[in-house]
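The numbers here are math on the coordinates, done by the rules we state, and not lab data. Nothing here was measured: the structure is a model prediction, and the numbers come from that model. A quick note on method: Cβ atoms are made from the backbone with ideal geometry, for glycine too, and the neighbour counts reach across all protein chains shown.
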């Protein structure tokens, strides 16, 4: 990935975080989780996430899904 593309992707993350916060505060936590997944995908594409962070996020998502069932 060239630097210009990487820069554009990095600029998407704050917008996704704002959207996640808006949908979660609006009472739609599942949409928030989906946006979190999109954020993780962007960070993975940028090689900007550690395996530990990804594992921790996955565990958190699993617990939240179990609580909602």
Expressed as an acute angle from 0 to 90° and rounded to the nearest 10, what is the orientation of the C-alpha long axis of helix 3-25 relative to the principal long axis of the chain?
20 degrees
Cα-based equivalent ellipsoid, the chain: semi-axes from gyration tensor eigenvalues, Å:
24, 16, 6
Can you give the FRET efficiency to the nearest 0.05 for residue 11 and residue 64, using r as the Cβ-Cβ distance and R₀ = 25 Å?
0.35
Note the angle between two axes, namely the Cα long axis of helix 29-45 and the longest principal axis of the Cα atoms of the chain, as a number of degrees from 0 to 90, rounded to the nearest 10.
30 degrees
